[in-house]
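So the structure is just underneath, and the comments pick up after that.
The values are calculated or read from the model by the stated rules, or taken from the named source; none is laboratory data. Given the structure is predicted, the values throughout are model-derived calculations rather than measurements. So basically every Cβ, Gly included, is an ideal-geometry build from the backbone, and we count neighbours across all protein chains shown. Surface areas here come from the heavy atoms of the whole protein model, side chains and all, with no ligands, DNA or RNA. Shrake-Rupley method; radii C 1.70, N 1.55, O 1.52, S 1.80 Å.
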Amino acid sequence: MTTLNYLPGYGAATKDPHQALPVVRPSLAGLRTRERVPFASGIAAGTNAVMTAHIAVSARAVKRQLLTKSPAVKATLLVYVVTGLLRGEMGFAGVIISDRLETRAMANTAGSAHGAVRTLAAGADLALVSHTPALQYAPCGTVRAARYDV
């Protein structure tokens, strides 16, 4: 199985998401042209999966597609990136996987449990939580509970 990492790309990021939340400020045109080029090539070559990035994308770039009114929202949580760009514009029909939800970029902002719900709501197929069973319990319970609130 092949997986492309990390949509929309870390090219302009200056921080490591395992330590802090990187912020990128591409224009919408930049997302469609520069950042998506390597992903489009991989999809055309037949990749099975795409992993989304925990980077904050400037709300200005995708202001109408945000799940919240936050000035910057993680790419994993953006309906535009997961559903609009990847599924819609790029025609990707494979598996969409979040990056690990207990990275500091996610845990210190949305939190792993809430992040799992929002990641799946944005259109991802898998919300990745790893390392220890203790870290997996809260996201699993929150996703299970959220299924019934929809």
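Taken over region 1-59, residues that are at pLDDT 80 or above, open to solvent by less than 30 Å² (accessible area, probe 1.4 Å), under 22 Å from N108 (Cβ atoms) and of a type in the set (S, T, N, Q) amount to 1. When restricted to residues that are open to solvent by less than 20 Å² (accessible area, probe 1.4 Å), in a helix (DSSP H, G or I) and modelled with pLDDT of 85 or more, region 69-115 contains 1. Counting only residues that are among the charged types (D, E, K, R) and either touching a helix residue (DSSP H, G or I) at 6+ places or on another chain (Cβ under 6 Å) or crowded, with 17+ Cβ neighbours inside 10 Å (or both), region 116-139 holds 1 of them.
Within region 116-135, residues that are in a loop (DSSP other than H, G, I, E, B) reach partners that are small (G, A, S) with beta carbons closer than 8 Å, at six or more positions or on different chains, in the pairs A124/S98; A127/S98; A127/G115; A127/A116; L128/S98; V129/S112; V129/A116.
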